Each structure stands twice: as structure tokens, then as C-alpha cells.
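Quick notes on the structure that follows.
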């Protein structure tokens, strides 16, 4: 692990390659089984409430009914998440040509809202855990194998692929320091591998 500011980062983040391949994974990150949706910061409940009138146009009646009956988020403060349908797909997902997509992102891309989507979704396949300090953890799930393969083929470091959400969360100065640290660690790993 290495530290940037007040954040602890797993070593795997530095050397990983990744470039999401939604046509291969079919938006699997929006439909993972497990019963809970995307982790949320408490303030994101207000963002969801503001964005939902615009994002709702992309949702099915089943999703809208689930939101109406169960609420826009689930869990207690400090442990909020997006609700799921049948313990699987995020209630805010919709399907386009068989690919799960985010209704918030659809509204954002059309200029209907200023909020893109929950930060944990934007950052995936990394997650931020809170243990006194923020800890960046790389979630290497099987469903993201196409993204790892595409990242390796196109030589896209995970750290660069996630520039926008990492900057959104930690700021540009932190991100630049993080990028330098990842480059240095990857170079050291390459040298060690060549020995």
C-alpha cells in the first residue's frame, strides 16, 4: 500500500490496466447480485432527489414503482445504498440494446442535470473504504474481465481511466500526485520483473 495525502491506496491500483468494455460486460456493474446497490455518501441522497425527476424518464414502471414504495435510497445514514430490484439490478438502471445503463448518467449527458451519478459508480472498479483514512481498493470481479483485457490491449492504466472520478473526489492536485506515484510504482515493478 502507499499513501497520498490522507488516502491509502492498494498497490494493485498502480499497475492495473482498465478500459470499460460495456458491449462485452453488458453493464454488469449495475446488475450485480447481492441485495444492495451502489454505496452512497449521505449527501448523495439529496442529489438523487434532485436528479430523479429528470432521470426518471429513462426508467421502467417497475423501477418507478419500486422507488415509490421503497424510497430513493436504502439503509441508515452513514451506510446508504441505491435500492435494487429482486436483489440484483440497481433500481436506477435501465436497459438499452441489452446493456444496463445509468438513468442519472443519461440525464447528465443530455444536459438535464448537473450531477452525473453516485461517486461509487463513477469510480468503479475501485471502491473507497472508510477506516479513519480513505482506503482505495481495487475490485477485480470476473464481470470486469473484458475491461481489464481492453485496458491491457489499449495500454490504458486504471489510474488514467479513472481520472475524472478521482479528481471529482480528491481534487486535481491530489490526482496529479497520485498519478506520479502510480507511474513510479509501475516503473519499479517493471524493473523488478526484468531482474
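Annotations for the structure displayed:
- Scope segment 84-109; condition modelled with pLDDT of 95 or more and not in a strand (DSSP E or B); matching residues: 91, 92, 103, 104, 105, 106, 107, 108, 109
- Restricting 109, 139, 160 to residues that are surrounded by fewer than 16 Cβ atoms within 10 Å (Cβ to Cβ) and not assigned by TED's automatic domain parsing to the domain that holds residue 55 narrows the list to 139.
- In segment 44-57, the residues that are within 19 Å of residue 85 (Cα to Cα) and surrounded by fewer than 20 Cβ atoms within 10 Å (Cβ to Cβ): 45, 49, 52, 56, 57
- Filtered by the rule that a residue be at positive phi and either in contact with a strand residue (DSSP E or B) (Cβ under 7 Å, 6 or more places away or on another chain) or crowded, with 18+ Cβ neighbours inside 10 Å (or both), segment 2-43 gives 26, 27, 35.
- Residue that is modelled with the lowest pLDDT [pool: residues in segment 58-71 that are surrounded by fewer than 17 Cβ atoms within 10 Å (Cβ to Cβ) and in a loop (DSSP other than H, G, I, E, B)]: 60
- Only one entry of 151, 183 meets the criterion of being farther than 29 Å from residue 31 by Cα and surrounded by 12 or more Cβ atoms within 10 Å (Cβ to Cβ), and that entry is 183.
- If the condition is being more than 21 Å from residue 163 (Cβ to Cβ) and surrounded by fewer than 19 Cβ atoms within 10 Å (Cβ to Cβ), then segment 112-128 contributes only 112.
- Comparison of 95, 170, 104 shows that the only residue that is in contact with a strand residue (DSSP E or B) (Cβ under 8 Å, 6 or more places away or on another chain) and closer than 23 Å to residue 45 by Cβ is 170.
- Screening the candidates 33, 76 for the property of being in a loop (DSSP other than H, G, I, E, B), free of Cβ contacts under 8 Å to residues at least 24 places away in the same chain and not assigned by TED's automatic domain parsing to the domain that holds residue 178 yields one hit, 76.
The values are calculated or read from the model by the stated rules, or taken from the named source; none is laboratory data. Remember, predicted model here, so these are calculated numbers, not experimental data. Positions of Cβ are backbone-derived with ideal geometry, glycine not excepted, and every protein chain shown enters the neighbour counts.
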